[in-house]
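Accompanying notes for the structure given below.
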Amino acid sequence: MANTNLRGEDLIRHCGLNDEGKAVEQMDQHAFHRLIAFKLASNGFEVPPARNGNAESENQVLQLASDLFHKYAEQSRLLTGHLNPPDRRIQDFLDDALASTGITIKLPTAAINMDRYGMARQLSIPDDPSVSEFHNGQMDSYRLCNGVLHNPLNDRRTTKGVFHIADYGLPIPADKIKVPLVTYARLLEAALQPPDDLNLLPYT
């Protein structure tokens, strides 16, 4: 169960709010860049160069810490396959539910820990002050004053139409179409293997 008793710095860190419920900017752009740079480097990703007056010193710090990042990346490689508790429950469910299909689905284990409010927003747009949007074949993203707007290519906001439900578990209502469980397994398998252009991290 999530901790609902956050106060002070913890509340600001995770929710961007102070104890009075008012929005608080916990980090400026330069601080976010440093934090994200360390997280990307420690996970083996390319790090965009710093864009402020401290670029040289920041890049030197990254170079000095490179051995530490390599060690961390190796430890992460050794832990490949380890899932956090919620993902472990999902994986166990998939293993049980899809056993009859002959298809094995494995959840991704490589992830960046989003432990700061606003970090996902930063990663959604290129790290360039002159750029306020990002586009790929499935999504258009725009930086706004209060966050980031994501417009998917196929945006369904209605219940009109036909719903297909995998044949597993609870009875399926008469107005829905039942499909074999293997159909769901194959769709999920394809979704977890996106093409390279959809694996691009906009920030980098």
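The set of residues in the stretch 12-27 being farther than 14 Å from N146 by Cα and acidic (D, E) consists of D19, E20. The residues listed here are A2, A31; of these, the one that is at pLDDT 75 or above and out of contact with any Leu (no Cβ under 7 Å at 6 or more places or on another chain) is A31. Scanning the stretch 153-176 for any residue that is among the small types (G, A, S), under 30 Å from P48 (Cβ atoms) and touching a Ser or Thr at 6+ places or on another chain (Cβ under 8 Å) turns up nothing. Being within 22 Å of the chain's Cα centre (by Cα), hydrophobic (A, V, I, L, M, F, W, C) and at pLDDT 90 or above, is that true of even one residue in the stretch 146-163? The answer is yes, given that some residue of the stretch 146-163 is within 22 Å of the chain's Cα centre (by Cα), hydrophobic (A, V, I, L, M, F, W, C) and at pLDDT 90 or above.
The values are calculated or read from the model by the stated rules, or taken from the named source; none is laboratory data. Since we're looking at a predicted model, the values are computed, not measured. Please note: Cβ atoms are built from the backbone with ideal geometry, for glycine as well, and neighbour counts cover all protein chains shown.
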